[in-house]
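First up is the structure itself, then whatever we jot down about it.
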Amino acid sequence: MSPTQWDLPVELCCRPMAFVTLTGLDVVYNAVHRAVWDAFCANRRADRVPISFKVLPGDHEYPKCRPKRTSYEWYIPKGILKTGWMNKHLNLVPALVVVFYELDWDEPQWKEKQSECATRVEIVRQSLQGRNTKVAVVLIQKKTPLPPGEDVIASERAAALCNACELSGKSLFVLPHTDHLVGYIIRLENAFYEHAQTYYYTEIRRVKSHKEFLNKTTHQLLFVRHQFKIAFFSELKQDTQNALKNYRTAYNLVHELRAHETNILEIKTMAGFINYKICRLCFQHNTPLDAIAQFRKHIDLCKKKIGSAELSFEHAAWMSKQFQAFGDLFDEAIKLGLTAIQTQNPGFYYQQAAYYAQERKQLAKSLCNHEASIMYPNPDPLETQTGVLDFYGQRSWRQGILSFDLSDPEKEKVGVLAIQLKERNVAHSEIIITLLSNAVAQFKKYKCPRMKSHLMVQMGEEYYYAKDYTKALKLLDYVMCDYRSEGWWTLLTSILTTALKCSYLMAQLKDYITYSLELLGRASTLKDDQKSRIEKNLINVLMNESPDPEPDCDIFAVKTAQKLWADRISLAGSNIFTIGVQDFVPFVQCKAKFHAPSFHVDVPVEFDIYLKADCPHPIRFSKLCVSFNNQEYNQFCVIEEASKANEVLENPTQGKMCLVPGKTRKLLFKFVAKTEDVGKKIEITSVDLALGNETGRCVVLNWQGGGGDAASSQEALQAARSFKRRPKLPDNEVHWDSIIIQASTMIISRVPNISVHLRHEPPALTNEMYCLVVTVQSHEKTQIRDVKLTAGLKPGQDANLTQKTHVTLHGTELCDESYPALLTDIPVGDLHPGEQLEKMLYVRCGTVGSRMFLVYVSYLINITAEEKEIVCKCHKDETVTIETVFPFDVAVKFVSTKFEHLERVYADIPFLLMTDLLSASPWALTVVSSELQLAPSMTTVDQLESQVDNVVLQTGESASECFCLRCPSLGNVEGGVATGHYIISWKRTSAMENIPVIRTVITLPHVIVENIPLHVNADLPSFGRVRESLPVKYHLQNKTDFVQDVEISVEPSDAFMFSGLKQIRLRILPGTEQEMLYNFYPLMAGYQQLPSLNINLLRFPNFTNQLLRRFIPTSIFVKPQGRLMDDTSIAAA
Amino acid sequence: MAVCIAVIAKENYPLYIRSTPTENELKFHYMVHTSLDVVDEKISAMGKALVDQRELYLGLLYPTEDYKVYGYVTNSKVKFVMVVDSSNTALRDNEIRSMFRKLHNSYTDVMCNPFYNPGDRIQSRWALLPVSDPVQVGPAFCVLLPSFCRTCLAILVAKMQPFGKQGRKGLFKL
């Protein structure tokens, strides 16, 4: 875009830098000069001094200096600031002119060269006549200079050169052309910078010196001008603090000027410039709040200074520019590190700029609506001789005229007309859109999504005004969903209305229909008459006719649009539009509801589609179809009416294909589910409603799932919250809000009509073949086929149970590990109505605990549903929990031959093994037999016959057995000696003959075997009799491999007299036996203690008498002397 | 005084908007809507401050050239937004605060109305507003929302008691 009248001049917006010209450099043909110039230009980063360099020829003519005014008395200024002034000091009048000259100190032709150099300096001085511009000379030398003071010739010649050129020593420089060029250049430019600062300082002093000549009445403008100049020179001097101070003074002075319609533009222009400078410097000084405050003050001061009413759009344009420029400054500051916030960011300024641009457009529209016949005035009053204005902000046709009266009203009129006509050609929309999009970018950055949307709406509307409907639609469409999702219907309606106009003007069928659908819907806040109009248009469009134009559209655009619509009609092609409604709020609402959350397969699936129209007039639809996840059902759920196109309007209230506004229409659908879908979910995936028909145009509204659009979820929530009582309606009608979408249903199998009974006797006993009798009886009316039984452990229980449970149909043999835990699909055959069958199952449970058993009976049956023959698979299952318990407890103990409890047994000495079988089963058990399997280390003393064959045990009863065993000496075995196994064969007493006997094997405990050195056993009769001799023989066996020294003594007892060795010491050889014979003579009857035998083994002190007591009896029963006996003895005698 | 008053639901849809220069209603709708950006930001900045320490008044949301937009948020996240003319210097923070407090009271009264379903747009049927010219009504005009007669309500509540669990059903039998 070329700069317009309102754009700030470049020289104002740039950062002023000291201007230094370089002469005597031939940058085109001389490589050394080129290198020097490049070193000045390249890499001008922030650390280099701020100078703008320019290469000029040595004889360049600088702008002439006007003769110095000696008195201001008769001087009347013609304006505030000349348009060329800033540029002059930035780019034309240098602060310093540098003369480059190639000259070495040892130059042979020194004199000539010196005078040539002096001439060059003189030429420059001539050109700068009257200015304070400094001149400096730089000698480009080939040789590296010696350190100062060492080169005598150099200092001499330098002094001579200075003299010749009338230069001070400070203005002569040497630039050796060596490797360190950049370093020398940087030193040079620092020196130049100092000279430049001195120059600007003198300039400031010079301007200040004028002040004293000025008077307040005639020189008001000069106060502003001088203040501005001081500030500008300060900036050039890089003294920004003073610059800011002076600009502020200048700003205040501008507003002190007497303002009138004729000079208001000049004042505003200058105020704008100075304000720009102030804000810029404030941002530069990192005081953004000062900048904002200054800008606010500026706007408040200037807002009302509209000036000429005929040119009020100029004010708006100026205001817009002020905001835009500030926004730019703000944005630039942010890029340099300033942080902005949500409520204070450049976006607001761009937005405001856009508002003023809009205002400008409005004003221009009303002020510049001249007839087409009015020609642009000739000669052009806006043209000036030089092509530019002399002073900023003045009118070209009366430049420099300070009088407030219009000297030439005619001229003024022509000038205004010219401006107005020019304004007409301004692309306002373009300006507005640029500003808005700047603002959008800012608000996006500062988390203002709604502001962004709002600005985008405005952009869209502006595009609409600019007749760029495609872009307008794109923007509007983009933001619509934001307003929709937040439920701001008023705003949505307004956007939709514009969008509808755009789509009409472009004859975009699909968009036109979509927006119409929503504008007719419940989210639209349009009045009914508007809705009627839109509905009528929609019906027209559906009948393949052109709609009426939207109101307030540009007449020419409407004409074009009508042509487009006509083309559309003739255009053959797809006239079916499918529109997904889930993202907007159409005027037809839809809800699908299955009658039940599940249906049996033999019952038809029923559901309702509820439709409600929100448009003002009844509308007819041509087709309704429902789609399911299983597409085979789609064909059953279609309502179609073969109506001709012209019938759409006829009899609209009749028939079920017509939707009456506000009334809920219920449509019932029914279909029979497929048997394959048993156990599956049937879901409505979409509902399609066609408006119009295929001969004209057809719109298919597509609801995903069971209906609902962008607004319905919130409405459903509100309806659920509401406890408003709804008025009673006739039976066949329902309240729309009370309908809850139910878009899916389960198909479940037909209810079985059979009975399954289980008969069994719990609990089960471990390892037994537990009998489970399954009785299946059919109550169906027809024959059932393919009855199958699945029985066994219910899946999903502990994995260990599966391994320890086995099921079989054959009870006659024991099942082993190979049998499964669950028998599946055992064919049972067919069953006639009323027939019953019984099946026996045997379950073997290897571990105790409770188990769940499943009995599942499935069958097929032919059913007629909705006049359709279907084969239904029905099933019934029964679950039973069975506890498994041990049938009996077996206790085993070791006792000595004296039935004393033994903790250990002694090698070679017989002991008794006693088993005790205690029935724990609630049912009677038959112990078929028992068996003792001895380990090889055990030997039996007598027969191992079972003593409990065929014993029946009731609950709590026990059966015991006793075996006499002996364990040969084995040496010391760690952990004892295995005894063997005890095997019990048993079954339930109630079990049938063919049920196998269960063998339960019980591992007998290990027993600790201990060797003893000496075994003593006694031979004595089972009883004694008073005063009868009682012979007792003790056998002493040496069980060791040593000769044993044995001390034996017998202690006397009161009850006995005895004969035999009372105390003896003897030796027993290894493996031999010693017998001791005693004759006891009982004296008393009763249970009497025998005279105790004490044995002392010298080698084994551990062998105690206590141990001895285990083997030999300690007492005996003594019978009294019998008379009968006496008699017989007497008789015998 | 205020040129536009809005009550915004927790979910950010408008429950109630009234503006005085009715001819430019849309502009105020947009203004209120865009101000929600700042409200959202302020609420999220408040974070989980203790409820009783929380300041409901959000202050000036953002200034435009011609209007000032103020915000207020209740503990149930219902927002009140008020637009006042920038040129009106009589309205200082304190006045705005008290206007919001009145508005809050009126809103509470609406909520107390057993016939009002929370979350529904406040229809003019409920809002018996003398909104025609709030400029003249001054700060007190905030009583634009209906004050459902509190005593009347008390009677209703009292009469509801005997109905026990039937609660609201019983109410309609009155």
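The values are calculated or read from the model by the stated rules, or taken from the named source; none is laboratory data. Please read all numbers here as calculations on a predicted model, not as lab measurements. Please note: Cβ atoms are built from the backbone with ideal geometry, for glycine as well, and neighbour counts cover all protein chains shown. When the accessible area is computed, the model is the full protein with side chains, heavy atoms only, and any ligands, DNA or RNA have been set aside. Shrake-Rupley method; radii C 1.70, N 1.55, O 1.52, S 1.80 Å.
If you go through segment A:203-239 and keep only what is closer than 24 Å to A:G400 by Cα, polar (S, T, N, Q) and open to solvent by less than 40 Å² (accessible area, probe 1.4 Å), you end up with just A:Q227. If the condition is being closer than 13 Å to A:D614 by Cα, assigned to a helix (DSSP H, G or I) and among the polar types (S, T, N, Q), then segment A:490-538 contributes A:S516, A:S532. Being without any contact (Cβ under 8 Å) to a residue 40 or more places away in the chain and within 11 Å of another protein chain (Cβ to nearest Cβ) holds for only one residue in A:E412, A:E486, and it is A:E486. Within segment A:678-698, if we keep just the residues that are part of a loop (DSSP other than H, G, I, E, B) and crowded, with 17+ Cβ neighbours inside 10 Å, the residue that is farthest from the chain's Cα centre (by Cα) turns out to be A:G696. For segment A:6-13, does any single residue satisfy the condition of being within 25 Å of A:R131 (Cα to Cα), touching a residue at least 60 places away in the same chain (Cβ under 8 Å) and in the same structural domain as A:R120 (by the TED database)? For segment A:6-13, residues within 25 Å of A:R131 (Cα to Cα), touching a residue at least 60 places away in the same chain (Cβ under 8 Å) and in the same structural domain as A:R120 (by the TED database): present. Selection of segment B:28-44 for residues being more than 7 Å from every other protein chain (Cβ to nearest Cβ), touching a Leu at 6+ places or on another chain (Cβ under 6 Å) and over 17 Å from B:D66 (Cα atoms) yields only B:K42. In this structure, A:E261 does satisfy being under 26 Å from A:D405 (Cα atoms) and either open to solvent by 50 Å² or more (accessible area, probe 1.4 Å) or part of a helix (DSSP H, G or I) (or both).
Give the number of residues within segment A:705-739 that are away from chain B (no Cβ under 14 Å), closer than 21 Å to A:W488 by Cβ and of a type in the set (D, E, K, R). Residues that pass the stated criteria total 1. Residues that are outside any strand (DSSP E or B) and surrounded by 12 or more Cβ atoms within 10 Å (Cβ to Cβ) within segment A:1070-1087 comprise A:T1072, A:L1083, A:M1084, A:A1085, listed in sequence order. The strands (runs of 3 or more DSSP E) located wholly in segment B:1-100 that include 1 or more residues which are without any contact (Cβ under 8 Å) to a residue 40 or more places away in the chain and either more than 28 Å from A:K445 (Cα to Cα) or open to solvent by less than 30 Å² (accessible area, probe 1.4 Å) (or both) occupy B:14-19, B:57-63, B:67-73. Within segment A:892-922, the set of residues being open to solvent by 50 Å² or more (accessible area, probe 1.4 Å) and part of a strand (DSSP E or B) comprises A:K893, A:H901, A:R904, A:D916, A:L918.
Conditions tested, residue by residue: (1) of a type outside the set (V, I, T); (2) open to solvent by less than 10 Å² (accessible area, probe 1.4 Å); (3) at pLDDT below 90.
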{"residue": "A:P551", "(1), (2), (3)": "yes, no, yes"}
{"residue": "A:I555", "(1), (2), (3)": "no, no, yes"}
{"residue": "A:I569", "(1), (2), (3)": "no, no, yes"}
{"residue": "A:N575", "(1), (2), (3)": "yes, no, yes"}
{"residue": "A:P597", "(1), (2), (3)": "yes, no, no"}
{"residue": "A:D614", "(1), (2), (3)": "yes, no, yes"}
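Here A:P1091, A:P1101 are screened, and the one residue that is part of a loop (DSSP other than H, G, I, E, B) and either open to solvent by less than 70 Å² (accessible area, probe 1.4 Å) or in contact with a Pro (Cβ under 7 Å, 6 or more places away or on another chain) (or both) is A:P1091. No other residue among A:T955, A:T881, A:T926 is without any contact (Cβ under 8 Å) to a residue 40 or more places away in the chain, in a strand (DSSP E or B), closer than 30 Å to A:H760 by Cβ and open to solvent by 20 Å² or more (accessible area, probe 1.4 Å) apart from A:T881. The single residue among A:T824, A:T802 that is in a helix (DSSP H, G or I) and either among the β-branched types (V, I, T) or surrounded by fewer than 20 Cβ atoms within 10 Å (Cβ to Cβ) (or both) turns out to be A:T802.
A:K111 satisfies every condition listed in (1) out of contact with any Lys or Arg (no Cβ under 8 Å at 6 or more places or on another chain); (2) among the charged types (D, E, K, R); (3) not in a helix (DSSP H, G or I) except (3).
Considering every residue within segment A:855-877, establish whether at least one is closer than 30 Å to A:L953 by Cβ and either in contact (Cβ under 8 Å) with a residue 12 or more places away in the chain or open to solvent by 30 Å² or more (accessible area, probe 1.4 Å) (or both). No: segment A:855-877 contains no residue that is closer than 30 Å to A:L953 by Cβ and either in contact (Cβ under 8 Å) with a residue 12 or more places away in the chain or open to solvent by 30 Å² or more (accessible area, probe 1.4 Å) (or both). Going by the conditions given, is A:K444 within 14 Å of another protein chain (Cβ to nearest Cβ) and either farther than 23 Å from A:S312 by Cα or in a helix (DSSP H, G or I) (or both)? Yes: the conditions hold for A:K444. If only residues of segment A:526-556 that are within 26 Å of A:E462 (Cβ to Cβ) and among the β-branched types (V, I, T) are counted, the one that is nearest to the chain's Cα centre (by Cα) is A:I534. With the structure loaded, tell me whether A:L491 is open to solvent by less than 20 Å² (accessible area, probe 1.4 Å), within 14 Å of another protein chain (Cβ to nearest Cβ) and within 21 Å of B:G119 (Cβ to Cβ) or whether it fails that test. Yes, satisfied. Selection within segment B:1-26: residues that are within 10 Å of chain A (Cβ to nearest Cβ) and of a type in the set (D, E, K, R). The member of this set that is farthest from A:H454 (Cα to Cα) is B:E11. Mind listing whichever residues of segment A:338-369 are away from chain B (no Cβ under 13 Å) and among the charged types (D, E, K, R)? Hits for segment A:338-369 are A:R360, A:K361, A:K365.
Evaluating A:N43 against the criteria (1) assigned to a loop (DSSP other than H, G, I, E, B); (2) within 22 Å of A:A231 (Cα to Cα) leaves one unmet condition, (2). The single residue among A:K335, A:K304, A:K277, A:K321 that is under 48 Å from the mean Cα position of the chain (by Cα) and either crowded, with 16+ Cβ neighbours inside 10 Å or within 14 Å of chain B (Cβ to nearest Cβ) (or both) turns out to be A:K321. Among the residues making up segment A:620-639, those that are part of a helix (DSSP H, G or I), closer than 14 Å to A:K670 by Cα and open to solvent by 40 Å² or more (accessible area, probe 1.4 Å) are A:E632, A:Q635, A:F636. In the condition set (1) out of contact with any Asp or Glu (no Cβ under 7 Å at 6 or more places or on another chain); (2) at pLDDT below 90, A:M746 is compliant with all but (2). When A:T470 is tested against (1) more than 13 Å from every other protein chain (Cβ to nearest Cβ); (2) under 17 Å from A:S503 (Cβ atoms); (3) open to solvent by less than 20 Å² (accessible area, probe 1.4 Å); (4) of a type in the set (V, I, T), exactly one condition is not met: (3). Screening A:K666 with (1) within 14 Å of chain B (Cβ to nearest Cβ); (2) surrounded by fewer than 18 Cβ atoms within 10 Å (Cβ to Cβ) gives one miss only, at (1).
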